[in-house]
Each structure stands twice: as structure tokens, then as C-alpha cells.
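The structure appears below as C-alpha cells.
The values are calculated or read from the model by the stated rules, or taken from the named source; none is laboratory data. Treat the numbers as computed from the prediction; the structure is a model and nothing was measured. Positions of Cβ are generated from backbone atoms using ideal geometry, with glycine treated the same way; all protein chains shown enter the neighbour counts.
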């Protein structure tokens, strides 16, 4: 974290209640800043990601996940795949994502 980031974060700490009140209309008093720096080392591989082109020439990415169970965290996992794929390199503007489950969702 750069010195500028540390100064900005420290300033935001002092302004938290004012930000909540004036920007969001929330009258908050107690402030507990949460740690947001996390080291992540893992091997995550999507089931299928394909760069495709429609008949009209529009390029898009198709992402498919085959799930063996109806995991409640699947929407968050799909979001994580989405961001991982986009941070890996240039992607088309269109991104279609699909997750299958073995059981229908409620």
C-alpha cells in the first residue's frame, strides 16, 4: 500500500459517519473498520470458457459451470469466475454465463 493510500484510508476512517449520514442517509455511530486485504493463493479453473462469434460478427465469451449440487454460494462463485476471467486479459464487451445444478433452484 502506498503512502497516498494510507493517508486516504486514514482520512476516510475519520469521515465514515459523515459519509454514511450525508451520502446514504444512515445515522451511524459505532464504526468498526474491517480488514480488506487478503492474500489468495488457489487453483480455480472454470469448467468451460469459450471466445465465440455470433453470425453478425459480435464477439462474446461463454462461461459454463456444471454444478453437482445446488450450492447456495454459486452466485458468488460465478462472480468470482467473472472477475478472474476479466482480470486475466482482454475480453469482449459481452459475457454470457450459465450455471447448471443437479436440483432445481427454489
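In the stretch 24-46, the qualifying residues are those that are over 30 Å from residue 78 (Cα atoms) and free of Cβ contacts under 8 Å to residues at least 12 places away in the same chain, and the one that is surrounded by the most Cβ atoms within 10 Å (Cβ to Cβ) is 26.
One residue is enough: does the stretch 81-98 have a residue meeting the conditions out of contact with any helix residue (DSSP H, G or I) (no Cβ under 7 Å at 6 or more places or on another chain), closer than 30 Å to residue 10 by Cβ and not assigned by TED's automatic domain parsing to the domain that holds residue 13? Yes; the residues of the stretch 81-98 include at least one that is out of contact with any helix residue (DSSP H, G or I) (no Cβ under 7 Å at 6 or more places or on another chain), closer than 30 Å to residue 10 by Cβ and not assigned by TED's automatic domain parsing to the domain that holds residue 13. Give the residue that is nearest to residue 92 (Cα to Cα), with candidates limited to residues of the stretch 44-63 that are within 19 Å of the chain's Cα centre (by Cα) and not in a strand (DSSP E or B). Among them, the one singled out is 46.
Looking across the stretch 33-60, the residues that are in the same structural domain as residue 96 (by TED's automatic domain parsing) and in contact with a helix residue (DSSP H, G or I) (Cβ under 7 Å, 6 or more places away or on another chain) come down to 44, 46, 49. Evaluating residue 19 against the criteria (1) farther than 26 Å from residue 88 by Cβ; (2) in a loop (DSSP other than H, G, I, E, B); (3) modelled with pLDDT under 85 leaves one unmet condition, (2). Residues being surrounded by 10 or more Cβ atoms within 10 Å (Cβ to Cβ), touching a residue at least 40 places away in the same chain (Cβ under 8 Å) and within 16 Å of the chain's Cα centre (by Cα) are represented in the stretch 64-84 by at least one member.
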